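S.K.: Okay, here's the structure, questions in a sec.
Each reported figure results from applying straightforward, stated rules to the coordinates on display, with no laboratory input. Since the structure is predicted, the reported quantities are computational estimates derived from the model, not experimental observations. Cβ coordinates were reconstructed from backbone atoms using ideal geometry, including for glycine residues, and neighbour counts include every protein chain displayed.
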Amino acid sequence: MADDKSPSTTRITLTRLNKRIGHWARVDGDTLLDGSSTTTTPKFTTTTSKPRPVLYKVVRVVPETGQQLALLDRLEQNHVDDLGDMRLNFWTSPVRVGIAVDIMVRSENMRRLRRILDRSDLQSEVIIEDVESLIIQRERKPENNKKSDFGKRFRDAPLPESNPNISSSNPSAMADPQYDFHHYGSYPQMVSWMRSLARRYPKIVQFISIGKSHEGRSIDGLEIGSRGLRKRAFWVDGGIHAREWAAPHTALFFIHQLTSKYGHEPNITRLVNEITWLIIPLLNPDESGSSDDPCSEIYQGKGAFSEPEARAVRDAVLSSRYRGRIDGFITLHTYSQIWIHPYGHKKDSYPGDVQDLYNVGKKATVALSKLYGTKYLVGSGADTLCKSSIRRSEDWAKESAAIKFVYLLELRPDEKSEFIYFYN
């Protein structure tokens, strides 16, 4: 989405296509990827030049043997001799036999990839013929201004005027702080909205910053809860991975529910009165991302807490203000619809209270299914998501920070829609 100050014409740069796969639709400029010009209407428009080349495709493979699974794992880690400089982008990691793996590849490298796969009798299917075309198609506004089913749940309903928490001493804070949940907003828009909530609801909302990003941006969020006693706390974060742009907006919608329904819905009011909610919607405001390749959009850093965003989480959770108070920790990701509990860094390794973690996760997924019809898998990260020797934040929160209920949520959609969401 274009910034208000950007030119009316648009482009998607190849650099952003490679490095910022999560925010595909970020636009700024005056030409399309192939160098052709557009009309002066905002958003994506028709061109008058020759057809642009197909740059990227997405293929899906389903390993049927342990040998095939091992090959995919080596491909993801760039440990295949003739891989060369293909720079495959794994949208889903190889987890176990029978689970689909989606890989984005440059069109010019399709033959090389298929040769490697054929050697292990791995069948591949192209599920996205042209990544850029799909981005443009899904970035267009829907006809007749129709909202998708996903957008309807993220609606920007006005906040109640009669909320007893509103301070009338500041007239400028009386305007309804609204966030357009039909569209994916920029980080400045998120921060502006959170600041407006803190002004409007001073009795229960406090604007907080937990640190600085690699590029020096402030990592901002909200502390939500009635003032007074040092209550038990619950941590929610999203957006550590750049390409997972539904996660921050899920956290923002959670903020919206807690603030707009406080004083009106008994369950929400009780949750705000009894718990301190620490919500950081976008941990990675630079939109850089987990990989050992520093040029990758999912770069994970050189080691534990080598990156400032990870240190910010650690320092906040272990600070004198919150240490020992946090009973719940949720980190939001996409996609796959999996409710993940520790541990993720070692297969068949579980905390001593794994049954408690599983039971709560199961209750949550059953509730989601009743509400939206969505089906979530429940299990450990190593069993359901990917093989990794790296401790992610949920493992650290359980092992080192001693937080009782810890989960990583792989949100909607399922494997059918991947990372490229519709405009709304």
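S.K.: Rank by packing, highest mean first: peptides 315-323, 277-285, 191-199, with packing defined as the count of other Cβ atoms within 10 Å averaged across residues.
M.R.: Result, highest mean first: 277-285, 191-199, 315-323.
S.K.: Take the residue pairs K362/K398; K212/K398; K347/K370; K57/K212; K362/K404 and return only those whose Cα atoms are more than 26 Å apart.
M.R.: With Cα atoms farther than 26 Å apart: K347/K370; K57/K212.
S.K.: Provide the net charge surrounding F234, with neighbours chosen by a C-beta distance below 12 Å and charges set as Lys +1, Arg +1, Asp -1, Glu -1.
M.R.: Computed value for this residue: 0.
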